[in-house]
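Worksheet: one structure, shown below.
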Amino acid sequence: MLIESDWKEKLAKEAIRARENAYAVYSRFKVGAAVLTDDGRVFTGCNIEISSYGLTVCAERVALFKAYSEGYRDIKAIAVAGETQQPISPCGACRQVLLELAPRAEVILLNKDMSQILMYNVEDLLPYAFKL
Ligand code: THU
């Protein structure tokens, strides 16, 4: 097993499951995400594309906004799964959102079948970030 802890593997599987719901009718690039809170809740998300492309929302942001909108702000980890050969690399906008909404989170990045996994902390993903 590539992932050393049970909870990380479970979260990774939730992200892969969430990917099935991706509404990626324009790019066909499906992404799933799963957020774990300190008290053990999981919120999932997938990318949702809109024909006016700039309105598209990434999987990471859907999952984080779901957690926040339900009152959960203490984010322990987020797993993100692409359908890619290599682990997915979150976009710049999501990195900014992660820094603000989930600064302590462990970020678990997965490829299509969990055969490759990368782990980062949020600060590593966005050095010299904009802060108000
Ligand atoms: N996408 C995500 O959902 N997360 C990422 O980390 C990278 C990109 C989505 C946005 C769009 O629906 C599609 O992938 C192609 O860019």
In nanometres, the difference between 0.36 nm per residue of separation and the alpha-carbon distance of Arg73 and Gln116 is 12.6 nm
Zone reached by a paramagnetic label modelled 7 Å from Ser51 Cα along Cα→Cβ, restricted to region 1-35 with backbone N below 18 Å, covers 23-28
Honestly the chain on the Cα gyration tensor test (a ≥ b ≥ c root eigenvalues; a/c under 1.5 rounded, otherwise a/b vs b/c for prolate or oblate) is just rounded
FRET efficiency for Ser27 and Lys66 from the Cβ-Cβ distance with R0 = 35 Å, rounded to 0.05, comes out at 0.95
Candidates Tyr120, Tyr72, Tyr23; GNM for the chain (alpha-carbon contacts under 10 Å) flags as most fluctuating Tyr120
Per its Cα gyration tensor (rounded if a/c is under 1.5, else prolate when a/b beats b/c, else oblate), region 1-70 is best filed as oblate
CD proxy, 222 nm, the chain: helix-only mean residue ellipticity via -39,500 (n - 2.57) per DSSP H run with n ≥ 4, per residue, nearest 500, stands at -8500 deg cm²/dmol
The aspartates and glutamates whose Cα lies under 14 Å from the Cα of Lys131, excluding any fewer than 8 residues away in the same chain, are Glu100, Glu123
Charge dipole of region 10-132 built from unit charges on the beta carbon (Lys, Arg +1; Asp, Glu -1), centred at mean Cα; most positive-end Cα among Asn21, Leu11, Val97 is Asn21
At the level of C-alpha centres, the distance separating region 89-121 and region 13-63, in angstrom, is 13 Å
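Each value in this text was obtained by applying a stated rule to the coordinates, not by laboratory testing. Bear in mind the structure is a predicted one, so any value in this text is a computation, not a measurement. Ideal geometry is used to build each Cβ from the backbone, glycine not excepted, and the neighbour counts take in all protein chains shown.
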